[in-house]
1. What whole number of Å gives the distance from the Cα centroid of the range 136-153 to the Cα centroid of the range 56-115?
2. From the phi angles alone, apply the Karplus equation (6.51, -1.76, 1.60; θ = phi - 60°) to the range 399-413 and give each ³J(HN,Hα) in whole Hz, x where the residue is Gly or Pro.
3. Please report the base-10 log of the normalised intensity I(q)/I(0) for the chain, using a Debye sum with one equal scatterer per alpha carbon and no solvent, at each q in 0.06, 0.07, 0.10 (1/Å).
4. Considering every pair of different Cα atoms, what Kirkwood radius, in Å, is found for the range 141-251?
5. Compute from the Cα atoms of the range 475-530 the Rg and the Dmax, the latter being the longest Cα-Cα distance, and quote both in angstrom.
6. In whole angstrom, note down how far apart the Cα centers of the range 257-290 and the range 355-394 are.
7. Dividing the alpha-carbon radius of gyration of the range 385-489 by 2.2 N^0.38 Å (N being the number of residues), what value is obtained?
8. Given points 7 Å out from each Cα along the Cα-Cβ axis, report the Gln27 to Arg236 separation in nanometres with one decimal.
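Taken together, the values in this text are just the output of simple stated rules run on the coordinates, not laboratory data. Just so you know, these numbers come straight off a predicted model, no measurement behind them. Note that each Cβ is placed from the backbone with ideal geometry, even for glycine, and that neighbours are counted across all protein chains shown.
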Amino acid sequence: MNDAGRDLVGQLPAAALRRYCDPAGFQFASTAELPDPEHVLGQERAIAAIEFGADMGRDGYNLFVLGQTAAGKHNLVQHFLSERAAKEKPPSDWVYVNNFAQPHKPKAIELPTGRGAQFRDAMALMIDELRTAIPAIFDSEEYRARRNSINEEVGSQQEQAFEDLRKRAEARDIRLVRTPAGIALAPVRNGEVLKPDTFEALPEVTRKGIEQDIQTLQQELQKIMEHMPRLEKERRRALRELNQEFANYAVKESIDEERAAFADLPEVLGYLDAVQADVIDNVHLFIMQSELRESTEFAGVSNETGDGGLVPEGSMPAMLGSSFRRYETNLIVDNSGAAGAPVVHEGKPSLAELVGRVEHLAQMGALVTDFTLIKPGALHRANGGYLLLDSRALLMQPFAWDALKRALWNREVRIESASDMYSLASTISLEPEPIPLQTKVVLFGEPMTYYMLSSLDPDFQGLFKAAAEMEDVVDWNAQSETAFARQIAAICRQEEISHLDPTGVAAIMEQAARQADDAEKLSIRIGKIS
């Protein structure tokens with residue numbers, strides 16, 4: 001440096017290299033005396049941007065909060081959104097139920113807040129009652145009498161047909177004889193069936209006449225035998241109609257109670273219609289279960305299961321217990337205890353944790369599943385509210401970022417897995433009906449992550465149109481000193497640590513200035529300072 005340059009550089013005194021904070025300037029003896037700050041120190045612009053993003057109800061106005069590590073992004077947004085969500089209406093409940101027409105495509109039903117659990121419990125109670133009521137009605141005197149009447153009518157028709165044939169045969173001295181091979185026709189003389197050698201000894205004219213009569217009667221017998229399956233088919237049809245009539249009588253009363261309770265929900269009413277039809281079609285399951293229960297109780301064996309019916313493989317109770325799972329209700333979103341809209345922070349945003357998953361159970365050497373094994377993801381829990389995600393953690397999870405974008409673009413939560421997408425497993429899986437999505441997603445990340453996504457992902461700007469940038473420093477003045485001290489008081493209360501006297505606050509403030517690399521500034525990256 002030449003002499004001219006040296007003349008331009010002024011000499012700094014040692015005191016100018018470090019700014020000191022005078023504890024005597026504080027008007028408190030301990031931070032315990034200070035209230036919490038009304039606003040987060042130095043983040044007025046960020047809060048305005050967050051409020052703007054939260055207010056925008058149009059598609060694509062999800063929020064990206066930029067800030068360096070330990071800038072307090074999560075706490076700021078969590079606090080702001082929690083206060084906002086507490087004033088909003090709790091979202092709906094959601095259940096998955098069996099799709100009886102297509103069991104591999106479970107049906108999603110939306111219910112008003114708190115009625116999901118009510119519906120689940122009502123269905124469980126109804127099916128439990130039917131497991132007793134249906135066997136009882138099929139054991140009634142009326143049912144037995146009508147069933148016997150059908151059997152007797154068909155049996156009477158069969159007997160009458162054979163009786164008419166027997167009389168015509170006897171008129172021609174021929175008898176119907178039952179043999180191991182079926183019914184045969186044999187000539188009779190003096191009440192006794194002729195032996196073959198005796199028959200051969202008859203005159204030829206007589207033999208031919210008998211053979212002609214037997215042939216004629218054999219044709220009539222053949223017609224009767226051909227008619228028997230039709231009679232049996234008619235008997236089964238009549239019994240099936242009888243069973244449906246009595247089953248419908250038993251089911252309708254219970255179903256009608258549920259229809260009255262959920263009369264304002266068309267989707268529930270449609271499902272109840274499907275349940276009624278399926279119970280009637282599968283009434284034999286209820287009867288078999290009752291008979292099995294009686295036999296096992298008599299033998300001192302319990303057929304109760306602790307997991308809804310999936311019990312050790314190979315047992316009849318397991319098979320029947322599993323059958324009744326078809327009428328269960330899988331409550332995946334329950335907002336009955338919610339005081340407002342949900343604010344969900346998902347710390348591990350994997351594909352399964354975001355969009356949910358379908359679990360499997362081992363049964364008889366194979367992996368099986370059904371709609372009761374559908375598990376919700378963070379998008380389900382945050383539906384109708386706010387979902388908070390760390391962008392770095394999200395991008396590190398395979399398939400998670402693309403799944404989130406699909407959910408936001410399509411405005412629906414579709415449960416999917418990597419194994420299904422790439423056919424990595426041959427197990428039976430499900431295709432649950434997607435659930436409409438209405439949630440505000442907030443991503444946290446450093447500026448580098450934000451600008452990288454903006455430049456490399458063409459979908460990013462269309463989905464995250466709102467951005468809030470956290471400040472790192474504020475001017476060091478009397479106003480910021482007061483706000484800084486109140487921020488320290490709030491941290492002491494939140495972390496349940498000892499409060500500080502003015503000397504301690506001054507020391508932290510000096511450290512904040514050093515971290516800001518500016519004697520006129522204070523670092524507000526509280527995470528690093530504390």
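1. 55 Å
2. 6, 5, 4, 5, 5, 5, 4, 4, 4, 6, 5, 8, 6, 7, 9
3. -0.56, -0.67, -0.97
4. So the Kirkwood estimate lands at 16.7 Å.
5. 10.7, 31
6. Going from one Cα centre to the other spans 27 Å.
7. Against the compact-globule rule of thumb, the ratio is 1.53.
8. 9.5 nm
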